[in-house]
Amino acid sequence: MPLVPTKLVRDLKYDIILEIALLLNPKSSNNWKKLAARLGYSQQEVSNFAIDPNESTQSLLRDWGTRDTSTVETLRKHLVDMKRHDAAKLLPN
């Protein structure tokens, strides 16, 4: 059985990242900051992403996407665990 290559977040089309950002950038208790915490970012790193609130999710995913462990499935799992099905459903299978 051949291995299926793992899709990485850095390989997602930008329009998908933008759509997720439109959902997670607004201030709420279940936004990009919660995702950043789940991904292991420190408070200082989160503060740096917050410098431009309209680009916070994009900055977070761009940074996390540089890691070889940043798979679409991992992102989907975190979004589902956060009950952000609206954002999770935007990710390709």
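Answer yes or no as to whether K34 is charged (D, E, K, R), farther than 16 Å from I17 by Cα and out of contact with any strand residue (DSSP E or B) (no Cβ under 9 Å at 6 or more places or on another chain). Reasoning before the result, please.
Details: charged (D, E, K, R): yes; farther than 16 Å from I17 by Cα: yes; out of contact with any strand residue (DSSP E or B) (no Cβ under 9 Å at 6 or more places or on another chain): yes.
Considered against the rule, which asks whether it is charged (D, E, K, R), farther than 16 Å from I17 by Cα and out of contact with any strand residue (DSSP E or B) (no Cβ under 9 Å at 6 or more places or on another chain), K34 comes out as yes.
Which of the following residues is open to solvent by 30 Å² or more (accessible area, probe 1.4 Å), modelled with pLDDT of 95 or more and under 20 Å from A88 (Cβ atoms): K33, K7? Even if it seems obvious, please write down each step before you answer.
Working: K7 fails: modelled with pLDDT of 95 or more.
Only one candidate passes the filter, namely K33.
Give the residue that is surrounded by the most Cβ atoms within 10 Å (Cβ to Cβ), with candidates limited to residues of the stretch 59-73 that are without any contact (Cβ under 8 Å) to a residue 60 or more places away in the chain and farther than 19 Å from P26 by Cα. Give the steps one after another, and end with the answer.
Kept after step one, since they are without any contact (Cβ under 8 Å) to a residue 60 or more places away in the chain, are these residues of the stretch 59-73: 59-67, 69.
Keeping just the survivors that are farther than 19 Å from P26 by Cα gives 63-67, 69.
Details: D63: 16, W64: 19, G65: 15, T66: 10, R67: 14, T69: 10.
Of everything passing the filter in the stretch 59-73, W64 is surrounded by the most Cβ atoms within 10 Å (Cβ to Cβ).
Could you figure out which of (1) under 17 Å from L90 (Cα atoms); (2) crowded, with 17+ Cβ neighbours inside 10 Å isn't true of S56?
Checking S56 against (1) under 17 Å from L90 (Cα atoms); (2) crowded, with 17+ Cβ neighbours inside 10 Å, the one that fails is (1).
The values are calculated or read from the model by the stated rules, or taken from the named source; none is laboratory data. Keep in mind it's a predicted model, so treat the numbers as computed, not measured. In this analysis, Cβ positions are derived from the backbone assuming ideal geometry, glycine residues included, and neighbour counts consider all displayed protein chains. Protein only, heavy atoms only, side chains kept; ligands, DNA and RNA dropped before computing areas. Shrake-Rupley method; radii C 1.70, N 1.55, O 1.52, S 1.80 Å.
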